[in-house]
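Okay, structure first, notes after.
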Amino acid sequence: VHPWKSFPGKKIEARLLCRILCKRTNLEHSGSWRSSTNAICKHKFVFHALCRLDKNFTSQSGLFAIRHGHLLRSWNTSSHQKVISHSQKIREHFSVVFVRLVAAMLLVTSASVALSNTRSWALSEENLLFLEAWRTIDRAYIDKTFNGQSWFRYREDALRNEPMNNREETYMAIRKMLATLNDPFTRFLEPEKFKSLRSGTQGALTGVGLSIGYPTESEGSRTGLVVISATPGGPANQAGISSGDIILEIDNASTESVGIYEAAERLQGPEGSSVELTVQTGPEIKHLTLTRAKISLNPVKSRLCEVPGSEKNYPKIGYIKLTSFNQKASAAVKEAIDTLRSNNVNAFVLDLRDNSGGLFPEGIETAKIWLDKGVIVYICDNRGVRDIYDTDGSSAIAASEPLAVLVNKGTASASEILAGALKDNKRAVLFGEPTYGKGKIQSVFQLSDGSGLAVTVARYETPGHNDINKVGVIPDHPLPNSFPKDDDGFCGCLQDPASACYVNNVQLFKR
């Protein structure tokens, strides 16, 4: 119901039921109505779009009345002219309104485009660096819900509200953005830290020789940072620090609320400088001063262990200790195998204890050395398996000799991938204790200013589809508590049946 000014105080009401029909009058034969689609009718019909009506279409001003398309009241030409006049006014009114509406829409659209263009041109160099980091996370991060937030909305809010007037403010904005993911392994690296990280995977690092992590659930509510491993021969190892110890303070500053990467930065420093540590070993708390040194990350040590009286079993065992997965790892393992083979070894022991990981590709390549075929690892995201790493045996050089693998809670990341692959493919027997349980994979991305991002890009499952994150790889058999971690001690435990760490060399390779 709509009041019309052309009919003061009156109303027109109708119910539209069907298609629009053109109704016209024949003025020479007053009172007759016809239906037409002829273009001629446009000058003679009552309303340009008059529809078939339900029940009645009544002019309360007394001009005419129609019921079901039939004329009920006569009308005259002057009335017809009045209706046409009103019809024209209505058309003119709607034409003006329509034009104004279109103009308004065009104005709003133009303003939006202008605002968008202005905003794009207004992006500063700092904004662009922030957007580069944002896009890296958007494309690579494993969790596409981004910890349950709208990633696009965060970008817009940050560009609008976060100060980015200089490089330090931009770095702070990037760190704040990453903090919303609640992922301690996805972090920002300033140019010097990024360079240091890359050097650490290439074979040398200056520090105290510690790999550290967060306490696992199995370790309860312990505060501080746990030692995953201590590099053999490094300052920390020489001071008696070993895997499982807890670092409570670094230079008298508590580690309770410090991230592992910030702590790692504090432990590194110029060669010859010192750092003070407060370390808890079991119930004992020690205060130590360590001198930083250049840690040579030669990842492999090997030796031949001869076991007297074992001619029928495994009299010559090749022992290989792999301490990390840097760029030299797989090549060094191959070299060690070739050297031991020249001494006619009968079996191998691969010691991955306190190996905190490193480069994922090196873990894959090392697994290929020992396997003639099979899946090495499944790479998964939130939707399931997205990639499979396997081998056809073309890279295998030691796929036949019996193999035992030693692991402990300092075995983490890439070394867990290797241990899980060898266990699930039934290539090796695992001895020791459950591994650390880092089942996520990070990739490192360099930004345009030399800084970088370490981003969690996937989680992995062993060939048996075991998700080891926060659980670890479970060994087949334990080792004696006193079992040594050095190569000399290992050989002694095989050679002396009277020692507390003695392991029969036959049992070592028995499933």
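The values are calculated or read from the model by the stated rules, or taken from the named source; none is laboratory data. In this text, all values refer to a predicted model and were calculated from it rather than measured experimentally. Neighbour counts run over all protein chains shown; Cβ positions are idealised from the backbone, glycine included. In case anyone asks, the SASA skips ligands and DNA or RNA and just uses the protein heavy atoms, side chains included. Shrake-Rupley method; radii C 1.70, N 1.55, O 1.52, S 1.80 Å.
All of (1) open to solvent by 60 Å² or more (accessible area, probe 1.4 Å); (2) closer than 27 Å to residue 472 by Cβ; (3) modelled with pLDDT of 95 or more hold for residue 338 with one exception: (2). Here the range 167-182 is the region considered, the condition is being open to solvent by less than 70 Å² (accessible area, probe 1.4 Å) and assigned to a loop (DSSP other than H, G, I, E, B), and the residue that is nearest to residue 381 (Cα to Cα) is 181.
Scanning the range 346-387 for residues that are open to solvent by 20 Å² or more (accessible area, probe 1.4 Å), closer than 18 Å to residue 403 by Cα and assigned to a loop (DSSP other than H, G, I, E, B) gives 346, 372, 373. Counting residues in the range 214-232 that are surrounded by fewer than 19 Cβ atoms within 10 Å (Cβ to Cβ), in a strand (DSSP E or B) and at pLDDT below 85 gives zero.
Contact map, the range 489-503: first residue in contact (Cβ under 8 Å) with a residue 60 or more places away in the chain, second residue of a type in the set (A, V, I, L, M, F, W, C) and loosely packed, with under 13 Cβ neighbours inside 10 Å, Cβ cut-off under 9 Å, separation 6 or more or different chains; the map is empty.
Residues of the range 183-202 that are open to solvent by less than 50 Å² (accessible area, probe 1.4 Å) and modelled with pLDDT under 70: 199, 200, 201. Confirm whether residue 284 is in contact with a Lys or Arg (Cβ under 7 Å, 6 or more places away or on another chain) and among the charged types (D, E, K, R). For residue 284, the condition - in contact with a Lys or Arg (Cβ under 7 Å, 6 or more places away or on another chain) and among the charged types (D, E, K, R) - is not met.
Of all the listed residues (443, 482), the sole one being under 30 Å from residue 191 (Cα atoms), small (Gly, Ala, Ser) and open to solvent by 30 Å² or more (accessible area, probe 1.4 Å) is 443. Being part of a strand (DSSP E or B) and on the phi < 0 side of the Ramachandran plot is a property that does not hold for residue 427.
Considering the conditions (1) among the acidic types (Asp, Glu); (2) over 21 Å from residue 433 (Cβ atoms); (3) touching a helix residue (DSSP H, G or I) at 6+ places or on another chain (Cβ under 9 Å), residue 335 is excluded by exactly one of them, (3).
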